[in-house]
1. Scan the range 29-70 for residues that are of a type outside the set (D, E, K, R) and closer than 15 Å to Thr81 by Cα and jot them down.
2. So, in the range 104-122, exactly how many residues are under 30 Å from Ile45 (Cβ atoms), in contact (Cβ under 8 Å) with a residue 40 or more places away in the chain and crowded, with 19+ Cβ neighbours inside 10 Å?
3. Of all the residues that make up the range 58-84, how many are over 17 Å from Gln47 (Cα atoms), hydroxyl-bearing (Ser, Thr, Tyr) and either assigned to a strand (DSSP E or B) or in contact with a His (Cβ under 7 Å, 6 or more places away or on another chain) (or both)?
4. So which residues in the range 45-59 are farther than 15 Å from Leu124 by Cβ, in contact with a strand residue (DSSP E or B) (Cβ under 7 Å, 6 or more places away or on another chain) and open to solvent by 20 Å² or more (accessible area, probe 1.4 Å)?
5. Surrounded by 15 or more Cβ atoms within 10 Å (Cβ to Cβ), modelled with pLDDT of 95 or more, aliphatic (A, V, I, L, M) and in contact with a Phe, Trp or Tyr (Cβ under 9 Å, 6 or more places away or on another chain), is that true of Ile153?
6. Which condition breaks for Leu74 when tested against (1) in contact with a Cys (Cβ under 8 Å, 6 or more places away or on another chain); (2) free of Cβ contacts under 8 Å to residues at least 60 places away in the same chain?
7. Within the range 85-103, is even one residue in a strand (DSSP E or B), open to solvent by 20 Å² or more (accessible area, probe 1.4 Å), touching a residue at least 40 places away in the same chain (Cβ under 8 Å) and over 14 Å from Asp143 (Cβ atoms)?
8. Give me the residue from the range 30-45 that is assigned to a loop (DSSP other than H, G, I, E, B) and not polar (S, T, N, Q) and, out of that set, nearest to Leu74 (Cα to Cα).
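The values are calculated or read from the model by the stated rules, or taken from the named source; none is laboratory data. Computed from a predicted structure; not experimentally measured. We place every Cβ from the backbone using ideal geometry, glycine too, and count neighbours over all the protein chains shown. Accessible surface areas use protein heavy atoms only, side chains included; no ligands, DNA or RNA. Shrake-Rupley method; radii C 1.70, N 1.55, O 1.52, S 1.80 Å.
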Amino acid sequence: MNSRRALSIGAVLFIVAFFCFYLSLNSVVAYPTVFIEQDKTVTEIGQSVEVLIKCHPTSPIKAFEFKVKFNSTLYRAEAVTEGDFFSGYQTFFNAGIIDNEAGTIINIYNLIVGQGNITKDGTLVKITFTCLQVQSSPLVLYDVGLTNETQYINMTTQDDGQIEASVGIF
C-alpha cells in the first residue's frame, strides 16, 4: 500500500514539474531588436560611410523613435534618410536634428499614418557620415522606442538601454 501511495505522489509531482516546465517554455518572450550595420569600412579621411539602423520585429510595430550619439571629432553626420521598414505605407518621417558640434542627432522618428503595422525585418533609417579621422568610434542609439497601435513595446537593448556599435575601421 505504501509503495502505491509513494508511486502516486511521485506521478503527481512529475506531472506538476512537467506542467511548470511547459509553462516556462511558453512564457519566454522574444522582444524586437534594433541594431546597427555599417555598409563598408572607412579607410581614408573624407570618405563617406552609410550606417543602417535596422529592426527585427517580433510583434507588430507602427512607429519608432531614437537619438544618436557619435564622436564629432572623428565623424560628421551629413544626412538621415528614411529606410524601407514601413515600405508600402504612408508615413510621417522626421530625419531629426543634426548637431555636429555636440555629436548628436535627436528626434529621429517615423510612424505609419492610418491603419497598418510591420512584422518583417527592415531598415529604419540610413545615416550618412563623413570621416574626419580614420579611427573606429562608437555610435550609440539611445532613448529608443518602438510602438504598436496603442503602447510602447519592450525591446532588446544593452543593460543601460542603449544600442552601441563601432563605426570605422574594424
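1. Narrowing the range 29-70 to residues of a type outside the set (D, E, K, R): 29-36, 38, 41-43, 45-49, 51-53, 55-61, 63-64, 66, 68, 70.
Those that are of a type outside the set (D, E, K, R) and closer than 15 Å to Thr81 by Cα: Ile36, Gln38, Ser48, Val49, Val51, Leu52, Ile53, Phe64, Phe66, Val68.
2. Kept after step one, since they are under 30 Å from Ile45 (Cβ atoms), are these residues of the range 104-122: 104-108.
Among the residues that remain, those that are also in contact (Cβ under 8 Å) with a residue 40 or more places away in the chain are: 107-108.
Still in the running and crowded, with 19+ Cβ neighbours inside 10 Å: 108.
The total comes to 1.
3. Residues flagged as over 17 Å from Gln47 (Cα atoms), hydroxyl-bearing (Ser, Thr, Tyr) and either assigned to a strand (DSSP E or B) or in contact with a His (Cβ under 7 Å, 6 or more places away or on another chain) (or both) within the range 58-84 amount to 1.
4. First, the residues of the range 45-59 that are farther than 15 Å from Leu124 by Cβ: 45-49, 58-59.
The next check asks that each one be in contact with a strand residue (DSSP E or B) (Cβ under 7 Å, 6 or more places away or on another chain); those that pass are 45-49.
Ile45, Gly46, Gln47, Ser48, listed by residue number.
5. On the way: surrounded by 15 or more Cβ atoms within 10 Å (Cβ to Cβ): yes; modelled with pLDDT of 95 or more: no; aliphatic (A, V, I, L, M): yes; in contact with a Phe, Trp or Tyr (Cβ under 9 Å, 6 or more places away or on another chain): yes.
No, not satisfied.
6. With respect to (1) in contact with a Cys (Cβ under 8 Å, 6 or more places away or on another chain); (2) free of Cβ contacts under 8 Å to residues at least 60 places away in the same chain, Leu74 is out only on (2).
7. Start the filter on the range 85-103 by keeping residues that are in a strand (DSSP E or B), which leaves 91-99.
Filter again for open to solvent by 20 Å² or more (accessible area, probe 1.4 Å), leaving 91-99.
From what is left, the residues that are touching a residue at least 40 places away in the same chain (Cβ under 8 Å) are none.
No - not one qualifying residue is present in the range 85-103.
8. Quick first cut of the range 30-45, residues assigned to a loop (DSSP other than H, G, I, E, B) only: 30-32, 39-45.
With the extra rule that they be not polar (S, T, N, Q), the set shrinks to 30-32, 39-40, 42, 44-45.
On the way: Ala30: 36, Tyr31: 33, Pro32: 31, Asp39: 17, Lys40: 16, Val42: 11, Glu44: 12, Ile45: 9 Å.
Once the filter is applied, the top-ranked residue is Ile45.
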